[in-house]
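Report on the structure given below.
Every read-out reported here was derived from the displayed coordinates using simple, explicitly stated rules and does not represent laboratory data. Everything numeric in this text was worked out from a predicted model, so none of it was measured. In this analysis, Cβ positions are derived from the backbone assuming ideal geometry, glycine residues included, and neighbour counts consider all displayed protein chains.
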Amino acid sequence: MRNYTVRKYKAEDYDNWNAFVDKAKNATFLFHRDFMEYHSDRFQDFSLIILDGENWEAVLPANVVGDAIFSHQGLTYGGIVCDEKMKQSIMISVFKSVLQFLESNGIQKLHFKMMPSIYFDFPSDELNYALFLVDAKLTRRDALSVIDNSKPYKISRARRACVRRGQQLGLIIKEEPNFKLFWDEILIPNISEKHNAKPVHTVEEIEKLHRLFPENIRHFNVYYQDKIVAGTTIFISKNVAHPQYVSGQNNKNELGSLDLLYHHLIVDVFPDKRFFDFGISNEQNGQKLNEGLIFWKESFGARTLTQDFYEISTSNYNKLENVLI
């Protein structure tokens with residue numbers, strides 16, 4: 001079993017980190033340092049670089065809280081990022097080196113928020129097998145609703161009726177970077193009323209991210225009689241279009257605003273993406289499922305893909321020592 005050098009990310013690693021992420025088989029623009037660092041005031045970075053001599057073997061986007069490491073609490077998903085040359089035996093050695101490094105630095109727990117497989121460019125479950133070997137504890141499982149665009153689009157009759165309603169009422173969909181209008185008129189009031197919370201991104205943050213990643217972040221508003229009634233902000237990676245934010249006024253069902261919007265996105269805007277990821281319909285750390293919400297997503301033809309969360313004791317690195325025979 002090979003031993004790898006593990007060290008923390010430094011500012012001077014910026015270019016090499018981004019270059020590695022760009023060619024990785026299991027990475028998206030969320031792992032670019034510009035995206036990770038927009039909220040650096042909220043998270044203490046503890047990202048790791050795994051080296052074989054001078055060569056970068058893998059990276060781990062992460063932050064630290066007390067004696068625990070998370071991959072990364074400010075991102076939708078995470079894990080050990082690697083390129084297509086990664087093999088199973090190498091990942092076992094890489095993961096062992098990471099756990100040893102963390103334990104030697106006083107870190108007791110490592111938490112992974114796994115990347116759903118639809119975001120991979122190549123099969124990339126090497127880490128999943130290594131997690132099994134170290135007795136990783138499954139702490140949460142969310143249900144994502146996903147459309148596979150390589151298959152025929154199967155929208156339900158009820159959804160088609162709602163789409164036609166929106167068309168007959170003359171709803172207008174505009175792609176425009178008018179985040180502030182959507183945030184102020186739709187998103188913030190709805191999240192405040194339903195969850196007594198605020199959007200994860202402030203409007204200033206999402207505007208900054210859009211300037212940094214204009215090809216990866218697009219925004220669409222829906223208008224009825226010249227007044228905004230719904231909208232969505234889409235995060236776009238190589239294989240997936242994912243609505244990061246979506247919300248409509250209380251009359252969205254009467255207008256068919258969200259139905260028309262999603263139909264437009266799936267059929268007209270992102271048919272070239274292999275997957276359309278509606279996101280989760282879970283609450284309470286995956287323990288509850290919003291039946292009405294997932295029913296609505298499934299009526300567009302979406303089906304379930306799970307996202308797992310794990311907790312690992314760093315002292316369990318010794319479980320990887322005698323695996324290879």
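Details
- Matching residues, segment 282-322, being in a loop (DSSP other than H, G, I, E, B) and touching a strand residue (DSSP E or B) at 6+ places or on another chain (Cβ under 6 Å): ASN285, GLY286, GLY301, ALA302
- Tally of residues being assigned to a loop (DSSP other than H, G, I, E, B) and either farther than 14 Å from TYR224 by Cα or without any contact (Cβ under 8 Å) to a residue 24 or more places away in the chain (or both) across segment 151-201: 15
- Among residues of segment 96-107 that are more than 15 Å from ALA136 (Cα to Cα), those with a Cβ under 6 angstrom from a residue that is among the hydroxyl-bearing types (Ser, Thr, Tyr) and outside any helix (DSSP H, G or I), sequence gap 6+ or separate chain, pair up as SER97/TYR4.
- Some residue of segment 190-206 being of a type in the set (Lys, Arg) and either more than 30 Å from PHE95 (Cα to Cα) or in contact with a Cys (Cβ under 7 Å, 6 or more places away or on another chain) (or both): yes
- Number of positions in segment 224-233 that are of a type in the set (A, V, I, L, M, F, W, C) and surrounded by fewer than 21 Cβ atoms within 10 Å (Cβ to Cβ): 1
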